[in-house]
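Below is one structure, written out as structure tokens, with a few remarks after it.
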Amino acid sequence: MEASSYFKVVRNRIGIIFLTMLVTVVVVAVGTLQTPRLYEASTKLRIMPYGVNSPDYGAFVYFDRLVNTYTNILNSETLTNEAEQQLGLEELPDYTVALIPQTEIMQITVQADSAERAALVANTLAQLLIEHNSTSYISDDNELRTLLRGRLEELRVQIGNLISERNAVIQNRWLFSERLADIEQELASLGQAYNNVLNTYNQAVVSQSVMASAISIMEPATAPKEPLPSYTSRNLILAGIAGLTGGMLLAFMVESRNPQFYSNRQIEAITRIPIIGRIPHLGRRFRRNVFEGDRLGMEAFRRLRTHVLTRAKNEPLRSLVVTSAAKGEGKTTIAANLAAAMAYSGLRVLLVDANLTPVKGTADSRTVKMPKLPPVANRHKPRPTAERVVRSVASATQKSSQAVKVYNRTELENLEQQHRSTVGQRQSTARNNGNGHQPGLTQLLQDRVTVREAIQDTEIPNLRMMLSGEGAVNSAELLSSGDFHDLIKRLLPDYDLIVFDTPAVMTTADAQIIARQTDGVLWVINPAVSGQKAAAYTRDQLQDVGANMVGIVVNNVGSKDLFEVSNLIETLPVTPRYYPSPSLYEGNPPPRYQPANPQAVTPNGTDKHLVD
């Protein structure tokens, strides 16, 4: 995919991106506004490790281990449950324990929905940690002191016994002179042991006092005056960035499942068919009628006419199918305006509305029940799209060639009466035909009307048209029958070109059926409607029936891509005034339309009719 195609994907899927970003921002905004305001309070504790006199590596390791021990104690379930019982809370608010870098200070930070509660919880946790530390060291030292006291008592007893024995020996020195020396030696040894145990006992008492006070409250927590900032703006900006990123990812995921066309190269690469025409975006005013003043539209259809006639120079092209992959791609508008352009060039053209599919909600649709209506003509509106476009073109050309006439009141009343008479005749004809439809292709294939009755004149010279008539449920069977093929043979001697406006390929099989019985197919693609998968499916369907692809007409293109050169076809040096030679047609071709004054201009005031 080209770099520019990525921007086109974003532009084409801007709705998904915008919706994703909007939903993300709204969710974050609602969550931010509904989140209660929190208050933060902190208690600072000082840790004084016992026995650390020099800042060496061993002291650092010991201090780090001590801090980790206190942190684990604060986060333990035992201390948390004790704090909840003491404060009467079902659950403590969130709190964190951290060491302030490069200090001996540990900080307990509590966030709660109340300022007083935040300060109370922080101070309670700090006090419970100090009590737990004191209790643990006292319990450990009590065992040592008990052992030391027992040892001191044993030494006192032994020393007392030796002293008593020494006194007895002194009284009877002449009998136990050697024993006296041993007693003195033992007393000296026991006295030294007693002093050592006594010193150890005293050190244990001092150590207990110091270790119990190794952690102390340096700065108690106080109730904050202001709550924490909500950071609404920051959250919304981050949500917008996240939503934009997620929307773009979602857009490309959707694009990968249903890729669209973003350049003419992609269209030709997928279809493997050259682009011979590009129709610009038509405004609402000119959408049904490019000859009303849309200069780019008129020139685009003249250019398309030139390419089609160029193909007719090399191979017979007496019947042409105009179809598309999906509905709404503008094939009817292109078929009608192309037929009008051909007629203006001097060719005798027949435009056939070959969309025989029943209109949903009409009397032809057997799945929808319509309410009873008064018996008026065309109450079940047929499919008059091609007719409406042709009559719009004719009306515009007629307006451009005639001066505005001002009617008086009497003339207006006469025109109104004449109009009512004409409408009454049309209603009578429609009722006689049945179902309120004008005769068309369906009735002709069912042998209910003749060719003359099915074909209608238009106000455009050399252009006649055949409506679809009433819808047929068995349209595929009617078009597949030999009667339709025979009908084409019967119509060819009277016209230079027959243009069939068929339904979309993905809706019915009618387009494929007609395509295999005609000389060529003109494929209309609107990149904003059908994607690459639909185009690939349509290509396979038309290739399976052996359709002769005349080319592709890209509809609704921008003015920048209007004059892009196709990669699959070389534009032949033909002039816009070229018309197919009579030798292209078998037998004698029908006579061309010849105006009374060959130099007269056409109603659109541009091209001149050339006479052989």
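When 239, 204 are screened for being at pLDDT 80 or above, more than 30 Å from residue 119 (Cα to Cα), open to solvent by less than 30 Å² (accessible area, probe 1.4 Å) and of a type outside the set (Lys, Arg), only 239 passes. Here the condition is being of a type in the set (Val, Ile, Thr) and open to solvent by less than 10 Å² (accessible area, probe 1.4 Å); of 545, 529, 521, it holds for 521 alone.
Between 499, 505, the distinction of being of a type outside the set (Gly, Ala, Ser) and over 38 Å from the mean Cα position of the chain (by Cα) belongs to 499 only. The residues of region 97-112 that are touching a residue at least 24 places away in the same chain (Cβ under 8 Å) and of a type outside the set (Val, Ile, Thr), listed by number, are 99, 104, 106, 107, 111, 112. The residue that is farthest from residue 228 (Cα to Cα), among those in region 23-63 that are at pLDDT 80 or above, of a type outside the set (S, T, N, Q) and open to solvent by 80 Å² or more (accessible area, probe 1.4 Å), is 46.
This table checks each residue for (1) open to solvent by 20 Å² or more (accessible area, probe 1.4 Å); (2) in a loop (DSSP other than H, G, I, E, B); (3) closer than 17 Å to residue 497 by Cα; (4) modelled with pLDDT under 90.
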position: 312; (1), (2), (3), (4): no, no, yes, yes
position: 317; (1), (2), (3), (4): no, yes, yes, yes
position: 320; (1), (2), (3), (4): no, no, yes, no
position: 326; (1), (2), (3), (4): yes, yes, no, no
position: 366; (1), (2), (3), (4): yes, yes, no, yes
position: 375; (1), (2), (3), (4): yes, yes, no, yes
position: 382; (1), (2), (3), (4): yes, yes, no, yes
position: 389; (1), (2), (3), (4): no, no, no, yes
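Within region 75-99, the set of residues being in a strand (DSSP E or B), open to solvent by 40 Å² or more (accessible area, probe 1.4 Å) and either more than 11 Å from residue 109 (Cα to Cα) or aliphatic (A, V, I, L, M) (or both) comprises 98, 99.
Within region 1-22, can you find the residues that are open to solvent by 60 Å² or more (accessible area, probe 1.4 Å) and of a type in the set (Val, Ile, Thr)?
Selection gives 14 alone.
Considering (1) farther than 28 Å from residue 347 by Cα; (2) buried (at least 22 other Cβ atoms within 10 Å of the Cβ), the lone condition that residue 467 does not fulfil carries the number (1).
Take the residues in region 100-119 that are assigned to a strand (DSSP E or B) and in contact with a Phe, Trp or Tyr (Cβ under 9 Å, 6 or more places away or on another chain); name whichever of them is farthest from residue 35 (Cα to Cα).
Restricting attention to region 100-119, the residues satisfying the condition of being assigned to a strand (DSSP E or B) are 105-112.
From what is left, the residues that are in contact with a Phe, Trp or Tyr (Cβ under 9 Å, 6 or more places away or on another chain) are 106, 108-112.
Working: 106: 29, 108: 23, 109: 20, 110: 17, 111: 13, 112: 12 Å.
In this case the residue turns out to be 106.
The values are calculated or read from the model by the stated rules, or taken from the named source; none is laboratory data. Treat the numbers as computed from the prediction; the structure is a model and nothing was measured. Backbone-built Cβ (ideal geometry, glycine too); neighbour counts: all protein chains shown. Remember, those area values only see protein heavy atoms, side chains included, never the ligands or the DNA or RNA. Shrake-Rupley method; radii C 1.70, N 1.55, O 1.52, S 1.80 Å.
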